[in-house]
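Have a look at the structure below, then the notes.
Only the coordinates and a few stated rules stand behind these numbers; no lab work does. Computed from a predicted structure; not experimentally measured. Glycine gets a Cβ as well: all are built from the backbone with ideal geometry, and neighbour counts include every protein chain shown.
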Amino acid sequence: MHPAKVIRQQVTRLTDLPNVGAATAADLQLLGIHHPTQLQGQDPYQLYLRLCELSGERQDPCVLDVMISLVRFADGDAPQAWWHYTAERKKLYSL
């Protein structure tokens with residue numbers, strides 16, 4: 001869902017989360033995450049690495065940006081577009 005349309009109190013499904021469509025919801029389910037609250041306290045970098053491992057391929061770096069946005073939202077930050085976190089990712093990793 002587009003971050004501007006997200007209403008925290010109405011987030012009950014993965015696709016209610018900012019930046020999540022069907023493909024990202026499927027990735028989250030592959031990671032064993034079936035409810036938005038399961039993202040609280042997660043490490044987005046570990047989620048990304050685990051997704052790469054489980055899928056058998058290196059995921060696009062923007063997937064890491066999405067993971068950062070999801071965990072930050074789950075931990076209480078305002079919903080942000082995934083590209084809001086690109087600079088942070090690039091600073092830590094050259095992905």
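Express the C-alpha Rg of the chain as a ratio against the empirical globular expectation 2.2 N^0.38 Å, rounded to two decimals.
For the chain, the normalised Cα radius of gyration comes out at 0.98.
Sequence gap at least 6, Cα distance under 8 Å: using those rules, report the relative contact order of region 8-92 to the nearest whole percent.
Relative contact order, region 8-92: 29 percent.
Charges at C-beta only: +1 for Lys and Arg, -1 for Asp and Glu. How large is the resulting dipole of region 8-92 about its Cα centre, in Debye rounded to 20?
Dipole of region 8-92, to the nearest 20 debye: 100 debye.
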